[in-house]
1. On the given criteria, is residue 62 modelled with pLDDT under 95, loosely packed, with under 15 Cβ neighbours inside 10 Å and farther than 19 Å from residue 39 by Cα?
2. Could you please find all residues in the stretch 14-47 being surrounded by 10 or more Cβ atoms within 10 Å (Cβ to Cβ) and touching a strand residue (DSSP E or B) at 6+ places or on another chain (Cβ under 8 Å)?
3. Which of the residues that make up the stretch 74-92 are in a helix (DSSP H, G or I) and either touching a strand residue (DSSP E or B) at 6+ places or on another chain (Cβ under 7 Å) or closer than 12 Å to residue 200 by Cα (or both)?
4. Could you tell me how many of the residues in the stretch 121-149 are in contact (Cβ under 8 Å) with a residue 24 or more places away in the chain, more than 15 Å from the ligand (Cβ to nearest atom) and not in a loop (DSSP other than H, G, I, E, B)?
5. Considering only the stretch 159-178, state which residues are under 19 Å from residue 124 (Cβ atoms), assigned to a helix (DSSP H, G or I) and either more than 15 Å from the chain's Cα centre (by Cα) or more than 10 Å from the ligand (Cβ to nearest atom) (or both).
6. State which residue pairs qualify: first residue free of Cβ contacts under 8 Å to residues at least 40 places away in the same chain and inside the stretch 163-186, second residue near the ligand (Cβ under 10 Å from one of its atoms) and in a loop (DSSP other than H, G, I, E, B) in any location, beta carbons under 6 Å apart, and separation of 6 or more residues or different chains.
7. Going by the structure shown, is residue 186 away from the ligand (no atom under 15 Å from the Cβ) and more than 27 Å from residue 88 (Cβ to Cβ)?
8. Take the stretch 39-54 and flag every residue that is farther than 16 Å from residue 90 by Cβ and assigned to a strand (DSSP E or B).
Ligand SMILES: [Zn+2]
């Protein structure tokens, strides 16, 4: 007769299920929280702008513009709805990105003596990436980063420009990043935790 040690395996199975349930529950809660924090460009929607929670307001006006006043993020336009407000926010961020990111990226590249390696800097909203750099010198930045604080934007600029010198994520690469942006590890963590609030 084979003695089957029932108790032990059942307990193990139970423990396993319990552990997984906790994990599943935690994942679910995390998803719910992230979903709640997602950017919705509607009246009274919340926008996480430069690390501050602001409330979106629509304002009727012929002139299209975006104003930040205290904790209000005011989108002004004619007969605004979600679609129009979204387009307006997109245009606003693209403008800000071309004013801010492109000259700073060239400035840093000049400082590092690699400006001639830049073939083109593109601004594009991608699904999940913040930036990209090819071996032919085409750099891409996601203009959604303009919602983040300037320190985070600077880190992203630095990240791609340093790839003009090291095309990998080697120790030499990160040493170079650190020489320009000493707090880069903190910025990476911050982005990981907050980036779900930027995509729309
Ligand atoms: Zn990289």
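The values are calculated or read from the model by the stated rules, or taken from the named source; none is laboratory data. Everything quoted here is computed from the prediction, not taken from an experiment. Positions of Cβ are backbone-derived with ideal geometry, glycine not excepted, and every protein chain shown enters the neighbour counts.
1. Numbers: modelled with pLDDT under 95: yes; loosely packed, with under 15 Cβ neighbours inside 10 Å: yes; farther than 19 Å from residue 39 by Cα: yes.
For residue 62, the condition - modelled with pLDDT under 95, loosely packed, with under 15 Cβ neighbours inside 10 Å and farther than 19 Å from residue 39 by Cα - is met.
2. 37, 39, 40, 41, 42, 43, 45, 46, 47 - these are the residues of the stretch 14-47 that are surrounded by 10 or more Cβ atoms within 10 Å (Cβ to Cβ) and touching a strand residue (DSSP E or B) at 6+ places or on another chain (Cβ under 8 Å).
3. The first filter runs over the stretch 74-92 and keeps only residues in a helix (DSSP H, G or I), leaving 82-92.
Answer for the stretch 74-92, where residues must be in a helix (DSSP H, G or I) and either touching a strand residue (DSSP E or B) at 6+ places or on another chain (Cβ under 7 Å) or closer than 12 Å to residue 200 by Cα (or both): 82, 83, 84, 85, 86, 87, 88, 89, 90, 92.
4. Summing the residues that are in contact (Cβ under 8 Å) with a residue 24 or more places away in the chain, more than 15 Å from the ligand (Cβ to nearest atom) and not in a loop (DSSP other than H, G, I, E, B) in the stretch 121-149 gives 5.
5. To start, the set of residues in the stretch 159-178 that are under 19 Å from residue 124 (Cβ atoms) comprises 159-161, 163-164.
Pick out the ones that are also assigned to a helix (DSSP H, G or I) and you get 159-161.
Passing the criteria: only 161.
6. Going by the 6 Å Cβ cut-off, the qualifying pairs are 172/166; 173/166.
7. Working: away from the ligand (no atom under 15 Å from the Cβ): yes; more than 27 Å from residue 88 (Cβ to Cβ): yes.
So residue 186 fits the description; yes.
8. Of all residues in the stretch 39-54, those farther than 16 Å from residue 90 by Cβ come to 43-44, 46, 48, 50-54.
If the condition is that a residue be farther than 16 Å from residue 90 by Cβ and assigned to a strand (DSSP E or B), then 46, 48, 52, 53, 54 are the ones that fit.
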